[in-house]
Every structure is written in structure tokens, then in C-alpha cells.
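First comes the structure, then the notes that go with it.
The values are calculated or read from the model by the stated rules, or taken from the named source; none is laboratory data. Everything quoted here is computed from the prediction, not taken from an experiment. Glycine gets a Cβ as well: all are built from the backbone with ideal geometry, and neighbour counts include every protein chain shown. These area figures cover heavy atoms from the full protein model, side chains too; ligands, DNA and RNA do not enter into them. Shrake-Rupley method; radii C 1.70, N 1.55, O 1.52, S 1.80 Å.
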Amino acid sequence: MAIDLGPLQFDDEIVLRQLRRDLRDDWFPDPREFEDIFRHDQIQGVLSQNFDGNEGVYRPIRRNLLNVPKSNFTLRYALETGVADRALYQGIATYLVPFYDPLLPWNVFNHRQAEEKDAAKHLFKRAVQSWQDFIGVVKTSVKTNPTLLSTDLTNYFENINLDILKQTLQSLIPEIKTSAAEKSRIRSHLAILFDCLREWCFSENAGLPQNRDASSFLANVYMLPVDRAMLQRGHQYFRYMDDIKIACRDEFQARRALKELSIELRKIGLSVNSGKTQICRPGDDEALDKCLDLGGTELHQIDAIWNTRAIRPISRSFPLLKELTQRLLRSGEVDKRVFRYCIRRLEVLAQCPEFAVPPEYFDGITPLVVDALATAPAATDQLARYLRSVPLSPQLLGQISGLLRDPEKNFYTWQSYRLWALLVQKEHMDPDLMLHALGLVRTAPDDANRSGATLYVGALGGKAERVVVAENFSRSESYLGQRTALIAVQELHYRPHIEVNVQPYLRGDLKNVYKGLSREGIYMAPPEAGPITRYIDLGRDYD
């Protein structure tokens, strides 16, 4: 069915397919991957009811502010909204991309419109290939301009000003090659977009939601004046999101380029990250490799083997992959792209039906991964991806359970949420952990830790424990909190538990979700197995 919101009309099949893809790497992934919601056309219903109930105006719901740790133990914000609002954001971006993407210079590599042959499945070109193109062009450029300026931006998404973004989008409309009637529709989409962003952003005037394809597209447009200014000055300038490389003939030109870049960025409220700014001098191959995050010869060797997509050659890469992963874990280099690359390949080995990898292969890796949960919390998403795919001993599961109960070591609610979900996936029932989870359901604030505990209680507890979740449902107002609670109480009867304790407090964008869950007793979507080609094609190692 089409999504018809007056001036906004979307092909729901296309938009929701793109949204599913965008949801795959969420910071707070849905336990059931929203399968029940997509299956029952719940998103379309919520959007229509909102539009009709507000007399032809869509009213977004205020985002929920959460935090995610970074590798240096600082925090980045996470702005979580309901999935219907996510669909609207995706739909507006899907409409705008074909008009604005042609205005971006080729030197910008991330989140560029997909080729026509891929447009039915993908809004953007694939991330891995786009990153490789970016690095390849930079490597070619330094052959003739051997001094490389490498930098990125400080708090990129957080510092994007909505007024400047809106002005930039509107000022570009005369450059768009389309009819006057279509330009009028573009203006209507922009008006609705910015009404929504006031509710979805970090503040009323700044801070796009991070980890969203739509935000990355808008950030590209925001940077367009800077991109154009640097290219007009004759610089060999290349950008992938906030990662900027400029190939220069010597160090003096690199310094000048850095000065000019800083001035242009200042005009739109952005600045370079001085701690990640480096000038790589000619002949310093080690510095160049580090700037380009090339990963070393081992990575290239493994990647070349995997790109053959042939079982026997890939099997010969197993020892190299294991050794590289262990070395990265022991040295604490789990924030590198090369580590994410290794994790994705190990996940394939554990799940892919073409391989018969013995459990012993993972024995030398898994304890190091579990230990890294306490020392490198910012890598929890990658560590949990691995752990959900491989066998875990009772001792290692107990170690993870102990970390969840340790307030001295476990204080990032994002990490807690991922670990609760992991233990649900592994069906690890620990009586002490269940008591801890029930305590959080009864007394903790409406945060991600409580949401994860709620899921654990529902999945591994009995009726009495699920009744506790229902009786405390009114303490949750966030989408994440209510969504996990609905999954947790799905096996309780509507009367009296849901009717009395849940229904009166339910958010509008979660209406009918309990009914759609159908009391199936499914609390977590299982890891998805598939052919090796699927994993290679869909990899997002370089986002």
C-alpha cells in the first residue's frame, strides 16, 4: 500500500525495504528486528492515523536521548525515535536524494545515490565499495602530490545547525533540474522535514540523529559549500563523511589547505579535530598507511582471498584471520576498521552453511572477546556480534552475567542493552541475574539498561516474572522501553494484565503491536544464516 500523507506520498515497498537495511546496524537493535511490525503493515497504519488525527498535519514524537560510549571513553549521543517516525525520515530522504545528489561533487564518496540498476533495492551505493573507491583515489593522488593532509571533524553530526542546513537545501533548489511544480513539492517536503527535525534532533536548532542514512545524506548537503570552496581553490580534496583527505605537492601547501579548510568550516559552525589532523610527508609509508587505515598486508591478503567467493581458497585464510583477530584483541585495537572486518568474517565462518568450522577454531578468540567487554565497552556491538554467533561455555556466559551485575565496571546503558540481548539469544538463565533484572524493572529509570533487563525477564522468566513487567509498564514512556516490554509480556493474556496495566499507557505509535506479536513466544530474532556471497555483498565494514 502507498503511504499518502497529503503532499508526502511514498511507495511503501521501496521505503520500508530501505528502512530495513538502515535498521540493520542500529545502536539499539530491535530484539525481533521489527519483523512483526513490518509483517502487519503497522508503520503505514501509524503514519496514516497520525496524519488523519491531526487534521492533515503529521506530528512527530519527541526523540529519546541516549548515550553510546566512544573508544576514548567519551560519549556520543543517540537520538532514538519510533520506527514510524524513522520511516517518514527515510521516505523524505528517498524523495530528496535524486534531486540533490547530482549537485554533490564526485570527490564526495559516502552515501551517494545508487546506480539505476540497483535503485530498486538500494538508495545509496554500497558502503564497502564507496570506501575503497575513496581510499583508491587518494592513493592515486599522492603519487603526483605526495604530501597528504588527513583530518576529520569534531562532533560532526552534533554541530550541524538546522537553520544553515535548511537555508542550504533551499538555496540549491534553483540548481535542481526539474519542473517548477516538482520544485514546489520539494519545498513542501523540506518544510515537513524541518518541522520533524525540531523534535528529532539533539536540540531545537542543531544535532542530526546519528547512525541514520537520511542524516548522512543531509550532512553531505550541509558540507557542500565547504566541498565546493576547497575544490574551487584547486585542492585535490576528497571526503568520506567527516573524513577529509587533501593531496598536496608539499608541506606548505598542506598547511595552507588546512587553514583554508578551517575557515570554510567555521562558516557553517564546524571545525577540524586537531587530535586527528596529520600531515603525512613524502616517503613516510607508515604514516600514510595509518592515515588511510589500510589495515596492513595481512588484511589485503585475506580480503583478496575472500573476494574470490570460493570455498577452498577462503578456507586457507582461516589461520591468518584467527591470528590477526587475536593480535588486535591483545593490543586493544578493537576500534579499528580492520577489527570490524575480522569480526564480520568470523561471524560468517560461524553461521555460513558452506563452512563446517569446528568449535575449537574459536576457542583461542572467544575468551579474549569476553575480556574485551570490560576494557573496550565502545566495541560492544562488534564483540556481541561475534559472541552471539559462536559457542559460549557456561563459564564465559557467567562472566558476561557478572559484568552486567557489576556497577563498578558496567555503567554504559548501551553496553548493558547489548549484553542483555546476547544472554537472551543464548538462553542463559541465571537466577541471580534474574533477580537483578527484576529489580531494574521495578526501580530503574526508563533507560536502555532497564529495557534490556525487561527483555531478559520476559524471555527467560515465567508468568509471575512477566506480570511484574506488565505491572510496571506505566514507568516506561520511551519507544525502546515500551517496545521491549510489549515483547516481554506477549504471552500474557489480554485480560486482565494487558487491558489494565498496559493499554492505558501505550504510546500511539505502538498501538496494535501486542496483537501483532500473536503470543508466538519469539523474543529474539535468530542470527541469519546465508550463503557467503550474501555476507560479502552486504558488508558494512567501512561505515
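Ordering HIS189, HIS436 from largest to smallest accessible area (1.4 angstrom probe), what's the sequence?
Ranked list, largest accessible area first: HIS436, HIS189.
Can you give me the C-alpha center-to-center distance between the range 353-430 and the range 154-173, rounded to a whole angstrom?
39
Sort 332-341, 175-184 by the packing proxy (mean of other Cβ within 10 Å over each peptide's residues), most packed first.
Those peptides, ordered most packed to least, come out 332-341, 175-184.
In nm, give the distance between the simple-model label positions of ARG233 and LYS426, each being 7 Å from the Cα along the Cα-to-Cβ direction.
Result for the modelled spin labels: 5.2 nm.
Sort ASP432, ASP12 by heavy-atom solvent-accessible area, probe 1.4 angstrom, most to least.
The most accessible residue leads, giving ASP432, ASP12.
Measure up LYS70/LYS426; LYS125/LYS166; LYS117/LYS183; LYS267/LYS336 against 29 Å on the Cα-Cα distance and list the ones that go over.
Going by Cα-Cα distance, LYS267/LYS336 fall outside the 29 Å limit.
Set Lys and Arg Cβ to +1 and Asp and Glu Cβ to -1, take the dipole of the chain about its Cα centre, and tell me which of SER48, PRO445, ILE311 lies farthest positive.
Comparing the listed Cα positions along the dipole, ILE311 ranks first.
Could you derive backbone 3J(HN,Hα) for the range 71-77 from the dihedral phi with the Karplus parameters 6.51, -1.76 and 1.60 (θ = phi - 60°), listing whole Hz in sequence and x where the residue is Gly or Pro?
Along the range 71-77, the couplings run 5, 9, 6, 7, 10, 10, 7 Hz.
Could you tell me the calculated FRET efficiency between ASP289 and SER315, based on Cβ-Cβ distance and R0 = 22 angstrom, to the nearest 0.05?
0.20
Counting only helical runs of four or more DSSP H residues, what would the 222 nm mean residue ellipticity of the chain come to if each run contributes -39,500 (n - 2.57) and the total is spread over all its residues?
Value at 222 nm, helices only: -16000 deg cm²/dmol.
Taking the Cα centre of the chain as the origin, how large is its charge dipole in debye, to the nearest 20, when only Lys and Arg (+1) and Asp and Glu (-1) carry charge on their Cβ atoms?
With only Lys, Arg, Asp and Glu charged at Cβ, the dipole is about 740 debye.
For the pair ASN512/ALA2, report the inter-label distance in nm, with labels modelled 7 Å from Cα in the Cβ direction.
In this crude spin-label approximation the distance works out to 2.0 nm.
For GLN49 and VAL467, calculate 0.36 nm times their separation in residues minus their Cα-Cα distance, and state this gained length in nm to one decimal.
Extending this stretch completely gives an extra 147.5 nm.
If the only charges are +1 at each Lys and Arg Cβ and -1 at each Asp and Glu Cβ, what is the size of the charge dipole of the range 33-170 around the Cα centre, to the nearest 20 debye?
It works out to roughly 540 debye.
Pick out, in residue order, every one of the chymotrypsin sites (Phe, Trp or Tyr not before Pro) in the range 10-98 that is DSSP loop and has at most 12 other C-beta atoms within 10 Å; say none if there are none.
PHE73
Taking each pair of different alpha-carbon atoms in the chain once, compute 1/r for the pair, average those values, and report the inverse of that mean as the Kirkwood hydrodynamic radius in Å to one decimal.
Radius from the Kirkwood sum: 25.0 Å.
If I model a spin label at ASN72 and ASP195 as a point 7 Å from the Cα along the Cα→Cβ vector, what separation in nanometres do I get?
For ASN72 paired with ASP195, the spin-label model returns 4.1 nm.
If you stretched the chain out fully between ARG24 and ARG327, how much longer would it get, using 0.36 nm times the residue separation minus the C-alpha to C-alpha distance?
So the chain would gain 106.3 nm between ARG24 and ARG327.
Between ARG475 and ARG39, 0.36 nm times their residue separation minus their Cα-Cα distance comes to what?
154.1 nm
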